[in-house]
Each structure stands twice: as C-alpha cells, then as structure tokens.
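K.L.:
Let me begin by handing over the structure; questions about it come next.
The values are calculated or read from the model by the stated rules, or taken from the named source; none is laboratory data. Every value quoted in this text rests on a predicted model; they were computed, and no experiment measured them. Quick reminder, even Gly has a Cβ in these numbers, built from the backbone with ideal geometry, and neighbours come from all protein chains shown.
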Amino acid sequence: MKKFLALLLVAIMALSLTGAMAEGSAFVSWYTFGDVYLTSVRTALDAAFEARGIAVTDKDSNGVQQTQIDDINTALVTGTDALLINLVDSGAIGTAQNLMDAARAQDKPAVFFNRAVSTDDAEAAELFLGYEKTAFVGTNFEDAGKLEGQMIGEYLVANYDAVDLNGDGIISYVMFKGDEANQEAIARTKYAQEVADEVLAAAGKPAIKFYDDANTNKYLVDLNGTWSNVASFEYLQTILAQYNEANGNMVELIICNNDDMAIGAINALAQAGYNTGDADAKVIPVFGVDAVDAAKELIKEGRMTGTVLQDAVGMAEATAQIAANLIAGNPKFDGLDEKVVIVDDWFVQIPYAPYTGE
C-alpha cells in the first residue's frame, strides 16, 4: 500500500510539474491537415510551442470555413490563451474580421498565418492595426512566383535545345494552379510565366507557350482547392495521351504552384517513361514551390529541376514567438529572427529562396 501511495505521489508531482512548465495554451486552427507544406509547418510549430512551454491544440478544418469558425468559437468558450488561424478561405476579409472580433471580445490574441486574409494589403492593414493583440505571419507571395520564373527562364536559356523536344523553337508548358481564389496561387501563376518570359526575351528567345490553345486561362486548377498531387497526376496523365513525342507536340515544361503538384506531375511523367531517375531517361523540367523534403530528394535524384524554399521552420518560429509574446504581455515582435521583415507593424514576412540542390 505504501509503495502504491508513493508511486501515486510521484505521478501527481509529475503532473503538477508538467502543468507548471506550461506558460499558457494555444489553439491552432488549420485550413487542412492534408497540405504537405503545412504539415511541415505544423510539426515545426508544435515543437516551437513545446520549447516555449506552451500547450498547443491543433484542429483540422478539412477545408471547410464554417468548421473553422465553429472550432474557434468553441475554443474561445472552453478556454485558450491564444488563437492561431490558418484561414480556410484565403482572401476572405469578412471572415477574418469576424474571427478577429470574436477574439477581441474575449481579449485573446489572434495570430493569422500563411493564408492571406485579403487581396488588398491596405484592407488587411486596417484589420490588423485595429487590434493590438494580432499580427499576420506570411510571405510577400509575389516573390515565390518571381523566383520560380527566374529559375525557369535561366534554366531554359541554358538548356533550350535539349528542352525543345520537337525542335520548333518554342517551349510548350503546362501550369498547375493550386486553388482558383488563393492569393499565393494567383501570384505564382502570373509571375512564374511572366518572369520566365522576361528572362527568355532578354536572351533573344521566344516566350513559353501554353500547350492548349483552347484554354484561355493558361492554367489547370485543382478543382478541390487542395493543391494535390492527385489532381496534377490525373491532369498530366490525360494530357500525355494526346500531347507526346510521337505526335510531335510533347509538353516540354511543367510549372507547379507547389511541390505536391510537382510530385504528382513527376509521377505521371515517370509512368510515361520520363523523369524516372535512370541515366538514359529523358527529363521534362518540373518546377515547384515549398522545397519540401520529398521535392529536395527528387531534385537530388535528377527527377525534378527546381523549387522555391518557403521556410516552414521560419514561419513556425515567428508565429510561435509572436503568440508567446502576446500571451506573456510582451511587445509582440520581441525576439524575432533578424531575417524576417516586419511591414507596418502588422505583417511579418518570411523570405523565400531558390532551391536547385546546388
């Protein structure tokens, strides 16, 4: 009996110490657990909170905005020291305002991250500057498309004849857009093509040409809005049945808004005998964004050409640090990494970088 009581006392003391270690709690609402890049952010964010002694609860909205709203309202009722919001409907300023108002009514910090709350920075600034216990951690999302376009243009200039499989002097491309309304997807789609063309023009080369003249959008979108490898795989598998070397119209370049779609495209190409990693296999250049581990490995294997590093750990650290500061009542930007850029006292930008494995 004495031994049992002693063990019980140890267990109670351990629980007490665990509770004492926690300096607060955070509720993190994710737009989906299914996004590959955000999975990296979630792992890093959980670790960042643990290092700061903050208990964290992660909740999956499964891509449904009303689910996210309900989960956040429940968290505010049941109790949390801070909300962290990865908004389901990117650019939905009205939804962001309502969530901000709910947090403010309970005097709780609300840190939004990764997914933009508005298509207009001035509109977003008005939202965030209206409440001192908030911030947005994200990127200057135009930079990802511009860096991707720069990489594409430079690669094509250096390898033009090898990429131009049918020798017609024009590079035919496919563009995979992650989500029709997402601001990052819109910017990546626009600038990857535009900047690539600028680099080509400066070298005296013609602009890249979307493979399907009938598609006036000049992109293919994931209709589920999940930026998934399933969507890109199925699209490209269908495309390759008609656009191939035998028909003299093979697609010669794949541009993707994220690495997961790039992975799906590579799987479809490999099924057709391209990008297999074999020494004698032809490689169709594939570019993505995020620099997730799987993409880095494909680049190392010579099956993928390049990607843009979106720093998952940097985003997680900045988000956790701001939340911890607000929970403790400290200035919200104290202790942030010197590499981040703070814009107008509300927008914390995590820088992008090109990644080609070199």
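K.L.:
Just one of VAL41, VAL28 is modelled with pLDDT of 50 or more and assigned to a helix (DSSP H, G or I); which is it? Full working, then the answer.
P.N.:
Working: VAL28 fails: assigned to a helix (DSSP H, G or I).
That would be VAL41, the only listed residue that is modelled with pLDDT of 50 or more and assigned to a helix (DSSP H, G or I).
K.L.:
Quick check on the range 151-166: of everything there that is farther than 13 Å from ILE284 by Cβ and crowded, with 19+ Cβ neighbours inside 10 Å, which residue is nearest to the chain's Cα centre (by Cα)? So that I can check it myself, show each step before the final result.
P.N.:
Start the filter on the range 151-166 by keeping residues that are farther than 13 Å from ILE284 by Cβ, which leaves 151, 153-154, 157-158, 160-161.
Then keep just the ones that are crowded, with 19+ Cβ neighbours inside 10 Å; that gives 151, 153.
Values: MET151: 19, GLY153: 23 Å.
Of everything passing the filter in the range 151-166, MET151 is nearest to the chain's Cα centre (by Cα).
K.L.:
Related question: Report whether or not THR189 is touching a strand residue (DSSP E or B) at 6+ places or on another chain (Cβ under 7 Å), on the phi < 0 side of the Ramachandran plot and among the β-branched types (Val, Ile, Thr).
P.N.:
Working: touching a strand residue (DSSP E or B) at 6+ places or on another chain (Cβ under 7 Å): yes; on the phi < 0 side of the Ramachandran plot: yes; among the β-branched types (Val, Ile, Thr): yes.
Judged against the criteria, THR189 is a match.
K.L.:
Return only the number of the condition from (1) in contact with a Leu (Cβ under 6 Å, 6 or more places away or on another chain); (2) in the same structural domain as MET250 (by TED's automatic domain parsing) that ASP293 does not satisfy.
P.N.:
In the conditions (1) in contact with a Leu (Cβ under 6 Å, 6 or more places away or on another chain); (2) in the same structural domain as MET250 (by TED's automatic domain parsing), ASP293 misses (1) alone.
K.L.:
Quick one: which residue in ALA268, ALA262 is within 26 Å of GLY302 (Cα to Cα), surrounded by fewer than 24 Cβ atoms within 10 Å (Cβ to Cβ), at pLDDT 95 or above and in contact with a helix residue (DSSP H, G or I) (Cβ under 8 Å, 6 or more places away or on another chain)? If you could, list the steps in order and put the result at the bottom.
P.N.:
On the way: ALA262 fails: surrounded by fewer than 24 Cβ atoms within 10 Å (Cβ to Cβ).
Among ALA268, ALA262, only ALA268 is within 26 Å of GLY302 (Cα to Cα), surrounded by fewer than 24 Cβ atoms within 10 Å (Cβ to Cβ), at pLDDT 95 or above and in contact with a helix residue (DSSP H, G or I) (Cβ under 8 Å, 6 or more places away or on another chain).
K.L.:
Scanning for something of a type in the set (A, V, I, L, M, F, W, C) and either part of a helix (DSSP H, G or I) or crowded, with 24+ Cβ neighbours inside 10 Å (or both), does the range 272-282 turn up at least one residue? Lay out the reasoning, then the answer.
P.N.:
As a first pass, look at the range 272-282 and keep what is of a type in the set (A, V, I, L, M, F, W, C): 272, 279, 281.
Among the residues that remain, those that are also either part of a helix (DSSP H, G or I) or crowded, with 24+ Cβ neighbours inside 10 Å (or both) are: none.
No, the range 272-282 contains no residue that is of a type in the set (A, V, I, L, M, F, W, C) and either part of a helix (DSSP H, G or I) or crowded, with 24+ Cβ neighbours inside 10 Å (or both).
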